[in-house]
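The values are calculated or read from the model by the stated rules, or taken from the named source; none is laboratory data. Keep in mind the model is a prediction, meaning the values are calculated, not measured. Heads up, the Cβs are rebuilt from the backbone with ideal geometry, glycines too, and the neighbour counts pull from every protein chain shown.
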Amino acid sequence: MKTIQLQAPGGPEVLELVDRPLPEPGAGHVRVSARAIGAGGPDVLIRNGTYKWMPPLPAVPGNELAGVVDAVGDGVTRLQVGDRVLVSARELPYRGGCYAEAVCVPESAPFVLPPSIGFDDAVSLGNFQLALALLASNGHLPAQCILVPGAAGGVATALVQIARARGLRVIGTASTDAKRAFALENGAHDVIGGDPRTLTVEVLRLTGGRGVDLAFDHIGGALFIACLRALAPSGMAVSYNILGGPPEGDVFGEMRQLLGRSLAIRTFSIHALDADAVQRRGLMEEAIRLMASARVRAPKATCFKLDDARRVHELLDSGGTLGKLVLHP
């Protein structure tokens, strides 16, 4: 079978198309024949060797695979041949492993997919699972309005849709007209520019001077301080990545200057749920229900052949893609 792997970290050029024997499921395992494979940011981290949960080399990237069970090992009772399923690497011992025509996994790992969710859409479910976890990270404090920087991104798009489905007002940011249109199409109520120098003023203008209850920042740098300043009283800024580097300036000093608002900061990683299978799987099952009922929808997929993994990673590195990138075996 065809598999994409890397022998050593590096750029897209380290991704190699290799032939491996078709794996056979052992006792308690099932084999899933891939129909769609998601490509995203964690795959890039695996490729360049900076992922904190890096699989051993030679490594196979890929964290989401949707397909059909085509073989089962001894003792398997939960799944059967023909079941449509989603494999998420969050349920496996190592991240990655899904850039392949087929994978063998413990029968407890896959999620059964209803007929209403297509394979290309299913590989976006991990982003909705993460978005649900992010929205739960506020400790269930009441919220009316949230700020989502980079609202056209994968996780951000899921966050926008779920927040809107829950009746929250969503203010997003976008750096281009195309990204602004995409964010609005996916549910943002308002989309403003992402310049940290003007973001706070724009948010306060849109909220009548109150600010937002939650700000979900994956950029860091100067933007994080701008998010803090845009918070309403008792608001919280959630940092779930720092693509632009650590927050600039004295964060605690800024919070003391804003003491009258009683603000909070939380850092977030889905890996906090690595040891909590019940909560983690519950969030994915909720994401599946939301998509199956059409309360949220996967962003439009751009599809490539598995052989084109290098090209897909070039697009991921460029940061200019909209929607989900999907590999077809």
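List of remarks:
- Residue in the stretch 285-296 that is touching a Lys or Arg at 6+ places or on another chain (Cβ under 9 Å), under 22 Å from VAL60 (Cβ atoms), surrounded by 16 or more Cβ atoms within 10 Å (Cβ to Cβ) and not assigned by TED's automatic domain parsing to the domain that holds ILE46 present: no
- Condition broken by LEU263, with the remaining ones in (1) among the aliphatic types (A, V, I, L, M); (2) within 23 Å of PRO42 (Cβ to Cβ); (3) crowded, with 16+ Cβ neighbours inside 10 Å satisfied: (2)
- Residues of the stretch 41-92 that turn out to be among the aromatic types (Phe, Trp, Tyr) and assigned to a strand (DSSP E or B), as a count: 0
- Candidates ALA34, ALA71, ALA66 - the one that is buried (at least 23 other Cβ atoms within 10 Å of the Cβ), among the small types (Gly, Ala, Ser) and over 19 Å from the mean Cα position of the chain (by Cα): ALA34
- Entry remark, the stretch 74-109: residues being modelled with pLDDT of 95 or more, under 18 Å from ILE46 (Cβ atoms) and surrounded by fewer than 18 Cβ atoms within 10 Å (Cβ to Cβ) number 1 in total.
- Restricting attention to the stretch 1-31, the residues that are closer than 19 Å to GLU101 by Cβ, in contact with a helix residue (DSSP H, G or I) (Cβ under 8 Å, 6 or more places away or on another chain) and buried (at least 18 other Cβ atoms within 10 Å of the Cβ) add up to 3.
- Filtering the stretch 116-140 to residues that are in a loop (DSSP other than H, G, I, E, B), within 28 Å of THR176 (Cβ to Cβ) and of a type in the set (A, V, I, L, M, F, W, C) leaves only VAL123.
- Search result, residues across the stretch 118-159 that are at positive phi and in contact with a helix residue (DSSP H, G or I) (Cβ under 8 Å, 6 or more places away or on another chain): GLY150
- Test: THR321 is closer than 23 Å to LEU6 by Cβ and either surrounded by fewer than 16 Cβ atoms within 10 Å (Cβ to Cβ) or in the same structural domain as GLY97 (by TED's automatic domain parsing) (or both): yes
- Checking each residue in the stretch 159-171 for being within 17 Å of the chain's Cα centre (by Cα) and of a type outside the set (A, V, I, L, M, F, W, C) picks out only GLN161.
- The condition of being in contact with a strand residue (DSSP E or B) (Cβ under 9 Å, 6 or more places away or on another chain) and within 27 Å of PRO56 (Cα to Cα) does not hold for PHE119.
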